[in-house]
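The values are calculated or read from the model by the stated rules, or taken from the named source; none is laboratory data. Since the model is a prediction, treat every value here as computed from it, not as a measurement. Glycine also receives a Cβ, built like all others from the backbone with ideal geometry; neighbour counts cover every protein chain displayed. The protein model used for the area step is the full one, side chains on, heavy atoms only, and it has no ligands, DNA or RNA in it. Shrake-Rupley method; radii C 1.70, N 1.55, O 1.52, S 1.80 Å.
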Amino acid sequence: MNSKLLSFNRRVRTTPYSDRVEQAGVTSYTVYNHMLLPTLFDTPESDYWHLCQHVQVWDVSGQRQVELNGPDAAKLAQLMTPRDLSKIELLQGKYGPICNAAGFILNDPIIIKLTEDRFWLSVSDSDVKFFAQGLVQGYGLDVKVFEPDVCPLAVQGPKSEELMARVFGEKVRGIRFFKGEMLEFRGVEMYVARSGWSKQGGFEIYMCDWSLGEALWDELFANGEDLYVRSGCPQGNERLESGLLSYGNDMDEFDTPFECGLDSYLDLDADIESLSLPALKAMAGKQTRKLVGLAFDRSPHMQPSRLGGSDIEVDGEIIGEIRSQAWSFRYNKNLAIAMLPLTYLAKNDSITIDGQTSLFHSIPFDFDQLV
Ligand code: THG
């Protein structure tokens, strides 16, 4: 399909940084949680190498927060995820799937504990808020569920710590991966964590006052000139190399955490009350397919699948689907994430698509195998 211009309205929301993003020369967007998410500024290759070498500021406002606020906040959070949250620390984030009662994945947020009775689910692209509100009703919980005025700004790349220290103070250097601090900007406390959807290092500022968005953006750019700061965005190329999964692309509500390789984020033996845990325990060891990495020398020509990926055909039969692919500038390979049946994976050590053969790779890719 060709790209067309997008029409703006209340359902396609702009962000507090949208004017700055436009001034920075954004060339394309996608829509994420009903909000604009930039996808390209310069060329994919220039955006990629710049991220790996310097520091970028990303408008990731579309990573919306679903706030659980009230005496039953912790109980609701635990109901929603099969990952054990009993030992989560204050201001810590934990990545984990949200699953329905049948064990299928509805989202894969970072779950953040702000206080004993206040949690944020920093969600990927699906309407988790309504699922949470349904649970509140069904279980008769004492907790409010809403989307607060929080528009995350990610600062990513090897020079991100230096830039963040200049704007938020030396304290940021001590923040460990998936931990955070409440830090002040213009007198307003904001949650700042070491996280972000790249593996180039970085932070996320959970900017919680729309009116300060441009000031924060400008402050980062004013302090980062000598660091070659640039605006950027989550990149298909980098995230595929790094093995970060994208909900709605690599996995959706018809997949289980086992199929998507998220086993390590399930605590099947924990003594917790979680909606999906009985179903997940029952299905452990019974999966019939899984996500694998593929690598080709060029992008294969394929038929689009009904679900929006590309059908994988073997001997005239559709056996699986490529769900994401992108060019790796570092390894000069076309990387892909594919869902394939275990029966095929057990009997073969490679797959041929459009005349090119790929071995099966782990996710994240093991690059010693690629070069
Ligand atoms: N940051 C914030 N919110 C988000 C994302 C984010 N919401 C949407 C989406 N991204 C959620 N998905 C992911 C997927 C992977 C990771 C974070 C969010 C991630 N994973 C690490 C990894 O795979 O190496 C570590 C996970 C762990 O070990 O706990 O970072 O990016 N705010």
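The table below gives the values:
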| quantity | calculated |
| --- | --- |
| Tally of residues being open to solvent by less than 30 Å² (accessible area, probe 1.4 Å), outside any helix (DSSP H, G or I) and either within 13 Å of the ligand (Cβ to nearest atom) or touching an Asp or Glu at 6+ places or on another chain (Cβ under 8 Å) (or both) across segment 61-83 | 9 |
| Residue list for segment 210-239, restricted to those being surrounded by fewer than 20 Cβ atoms within 10 Å (Cβ to Cβ), under 13 Å from Pro152 (Cα atoms) and touching a helix residue (DSSP H, G or I) at 6+ places or on another chain (Cβ under 9 Å) | Glu214 |
| Considering residues of segment 33-60 that are in contact with a Gly (Cβ under 9 Å, 6 or more places away or on another chain) and open to solvent by 50 Å² or more (accessible area, probe 1.4 Å) only, the residue nearest to Gly93 (Cα to Cα) | His34 |
| Single condition Lys179 does not satisfy, out of (1) more than 20 Å from Met207 (Cβ to Cβ); (2) under 24 Å from the mean Cα position of the chain (by Cα); (3) surrounded by 15 or more Cβ atoms within 10 Å (Cβ to Cβ) | (1) |
| Unique residue being in contact with an Asp or Glu (Cβ under 9 Å, 6 or more places away or on another chain) and buried (at least 18 other Cβ atoms within 10 Å of the Cβ) when the list is Ile312, Ile319, Ile351 | Ile312 |
| Among residues of segment 225-281, those that are within 13 Å of the ligand (Cβ to nearest atom) and among the aliphatic types (A, V, I, L, M), counted | 6 |
| Elements of type strands (runs of 3 or more DSSP E) contained in segment 223-335, each with 2 or more residues being more than 22 Å from Leu79 (Cα to Cα) and in contact with a Lys or Arg (Cβ under 7 Å, 6 or more places away or on another chain) | 289-296 |
| Residues located in segment 13-60, provided they are more than 20 Å from the chain's Cα centre (by Cα), in a loop (DSSP other than H, G, I, E, B) and touching a residue at least 12 places away in the same chain (Cβ under 8 Å) | Pro16, Ala24, Gly25, Val26, Thr27, Asp42, His54 |
| Within segment 164-220, strands (runs of 3 or more DSSP E) holding 1 or more residues that are more than 16 Å from the ligand (Cβ to nearest atom), of a type in the set (Val, Ile, Thr) and free of Cβ contacts under 8 Å to residues at least 40 places away in the same chain | 188-193 |
